[in-house]
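The values are calculated or read from the model by the stated rules, or taken from the named source; none is laboratory data. Since this is a predicted model, take the numbers as computed values, not measurements. Cβ sites come from the backbone with ideal geometry, for glycine too, and all protein chains shown count toward neighbours.
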Amino acid sequence: MLLVNTDAMLEADCAAALLRLMDSDGRIGMAGPQLLNADGTLQTSYEAVPTLATETLNRSLLKRLFPARFPHKSRKLAGPTEVDALIGAVMLLRREALAQLGGFDEGYFFFLEETDLAVRMRRGGWKIVHEPQARAVHLQGATAKTYQAAARIEFYRSRYRFFERHYGRAAAGVLKTAMIANLTLNVIALGLATLATVGRASSVANQFRVRSDLWRWHLRGCPPGPGLPRD
């Protein structure tokens, strides 16, 4: 089963290369290509599974200090490589693996559903493989840019669901507390910056609005209503 986001375009032989890879090893449950920006530069195509370290520490620093554990998008691979999880813009899934696991968790709406599936696949004995010879252009972020605060709410909601499912409620609670503290500092700093520029720095003012919406949503207990439209 080949899944392709509406903002992704396969280059020649991409699907065929993924299929050849899948045919070469019956234990590969999920395979994905090298994702590219419109200008041909590399995009992140696979990631380490989120942990409290990745979500509360500086991810860029982690990638520099521990590149094997936290791969950077500039890392060039010579051939198919097993990874923790794929970015879900383009994925080839084995139907047998999908059926064994009961498919995607429909509790996720917009983020991390492919990461959740990858974790469950690996626990079920399936391999997750990145194929750098298969390539696809991914014009990422259109929906997130249109609904900035709503998209971020969906991201946090999926984040907390992932942590509760795979690490337990205590870990999800620690993450939520850390995010509230971080957002509080962000709102204060951006609020002061907005006042100092009298609101004329549009990017700062916009960041302040988005962070404020996120902060208020957290303080209300992360209710189910706000987020991206479901229609």
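A few remarks follow.
- Listed by first and then second residue, the pairs linking a residue in the range 176-199 that is under 19 Å from Pro223 (Cβ atoms) to a residue that is part of a helix (DSSP H, G or I) and of a type in the set (A, V, I, L, M), with Cβ atoms under 6 Å apart and 6 or more places separating them unless they lie on different chains, are Leu183/Leu214.
- For beta carbons closer than 8 Å, sequence separation of 6+ or different chains, a first residue in the range 103-126 that is on the phi > 0 side of the Ramachandran plot and in the same structural domain as Val90 (by TED's automatic domain parsing) and a second that is surrounded by fewer than 18 Cβ atoms within 10 Å (Cβ to Cβ) and in a loop (DSSP other than H, G, I, E, B), the qualifying pairs are Gly125/Arg27.
- Residue within the range 104-113 that is within 18 Å of Leu2 (Cα to Cα) and assigned to a helix (DSSP H, G or I) present: yes
- Residues (out of contact with any Ser or Thr (no Cβ under 8 Å at 6 or more places or on another chain) and without any contact (Cβ under 8 Å) to a residue 40 or more places away in the chain) located in the range 200-223: Arg200, Ser202, Ser203, Gln207, Arg211, Ser212, Arg216, Leu219, Arg220, Gly221, Pro223
- Applying the condition of being crowded, with 20+ Cβ neighbours inside 10 Å and among the charged types (D, E, K, R) to the range 110-126 and asking which residue is farthest from the chain's Cα centre (by Cα) yields Asp116.
- Filter result for the condition that a residue is surrounded by fewer than 15 Cβ atoms within 10 Å (Cβ to Cβ) and aliphatic (A, V, I, L, M), over Leu2, Leu35: Leu2
- Only listed residue being assigned to a helix (DSSP H, G or I), in contact with a strand residue (DSSP E or B) (Cβ under 8 Å, 6 or more places away or on another chain) and at pLDDT 95 or above, chosen from Arg216, Arg165, Arg122: Arg122
- Scanning the range 75-108 for residues that are exposed (fewer than 11 other Cβ atoms within 10 Å of the Cβ), small (Gly, Ala, Ser) and within 24 Å of Val137 (Cβ to Cβ) turns up Ala78, Gly79.
- Restricting Val210, Val187 to those that are at pLDDT 95 or above and either in contact with a Lys or Arg (Cβ under 8 Å, 6 or more places away or on another chain) or surrounded by fewer than 14 Cβ atoms within 10 Å (Cβ to Cβ) (or both) reduces the list to Val187.
- Qualifying residue in the range 167-178 (condition: of a type in the set (Ser, Thr, Tyr), in contact with a helix residue (DSSP H, G or I) (Cβ under 7 Å, 6 or more places away or on another chain), under 21 Å from Trp215 (Cβ atoms) and outside the structural domain of Gln43 (by TED's automatic domain parsing)): no
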